[in-house]
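Below is one structure, written out as C-alpha cells; comments come after it.
The values are calculated or read from the model by the stated rules, or taken from the named source; none is laboratory data. Bear in mind that the values here come from a model prediction, so they are computed numbers and not experimental data. All Cβ positions, even for glycine, are placed from backbone atoms using ideal geometry, and neighbour counts span all protein chains on display. Note: accessible area is taken over every heavy atom of the protein model, side chains too, but ligands, DNA and RNA are not part of it. Shrake-Rupley method; radii C 1.70, N 1.55, O 1.52, S 1.80 Å.
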Amino acid sequence: MIETPVVVKHDKGLDGRPIALLVQEASQYASTVFIQVDGKRINAKSIMGMMSLSLSEGERLTVVTDGEDEQKAAEGIKTFFTKGQ
C-alpha cells in the first residue's frame, strides 16, 4: 500500500468533467485507489463518491493505492491532481 500526499492544482477545483476524467484515470489501474480527505476515504473509481468530495484548488488530500500496479497508479493520480487545467 502506498499513501501519497497531494495538493489539488486545478484552478476551478474539481466538478463534473474533471471528476469524470479522474474516475477514468483511476479505472485504468488494477490496484484499488482511494482518495482520503477530511476524514473521508472515497473510492476514486466511483464517480458518485468523488462528486461528494467537492475538491477545490489548494486542498490537501492523500492518494492511497494498493495492488499489483500501486506505484504506477499513485503516480498517475498524483499527476492528474497536480497538472491543473
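The share of C-alpha pairs in the chain whose separation exceeds 15 Å stands at 50 percent. Take every Cα pair under 8 Å whose residues are at least 6 apart in sequence, average their separation, divide by the length of the range 2-82, and the relative contact order is 48 percent.
Computed from Cα atoms, the angle from the helix 16-27 axis to the main principal axis of the chain rounds to 10 degrees.
Per residue, the accessible area of the chain comes to 56 Å² when a 1.4 Å probe rolls over the protein heavy atoms. Taking Cβ atoms as reference points and 12 Å as the exclusive limit, the residues near Val33 contribute a net charge of -2, counting Lys and Arg as +1 and Asp and Glu as -1. A cut-off of 5 Å between modelled amide H atoms, ignoring neighbours fewer than 5 places along the same chain, links Val33 with Ala44, Lys45. The angle separating the long axis of helix 70-82 from the principal Cα axis of greatest extent in the chain is about 10 degrees. If you take all other residues with their beta carbon under 12 Å from the beta carbon of Gly49, and give Lys and Arg +1 and Asp and Glu -1, the sum is +3.
Only bridges with both residues in the chain count here: give the DSSP antiparallel percent, nearest 5. Walk me through the numbers before you get to the answer.
Values: 15 of 15 bridges.
Given both bridge residues lie in the chain, the antiparallel proportion sits at roughly 100 percent.
Coupling constants for the range 58-63 follow from the phi torsions by the Karplus curve (6.51 cos²θ - 1.76 cosθ + 1.60, θ = phi - 60°), and in residue order they are x, 5, 9, 8, 10, 8 Hz; glycine and proline get x.
Cross-link partners of Lys12 among aspartates and glutamates, defined as those whose alpha carbon lies under 15 angstrom from its own and excluding same-chain residues fewer than eight positions apart: Glu57, Glu59.
Only protein atoms count toward the accessible area here, which uses a 1.4 Å probe; on the range 2-82, the carbon and sulfur part of that area reaches 48 percent.
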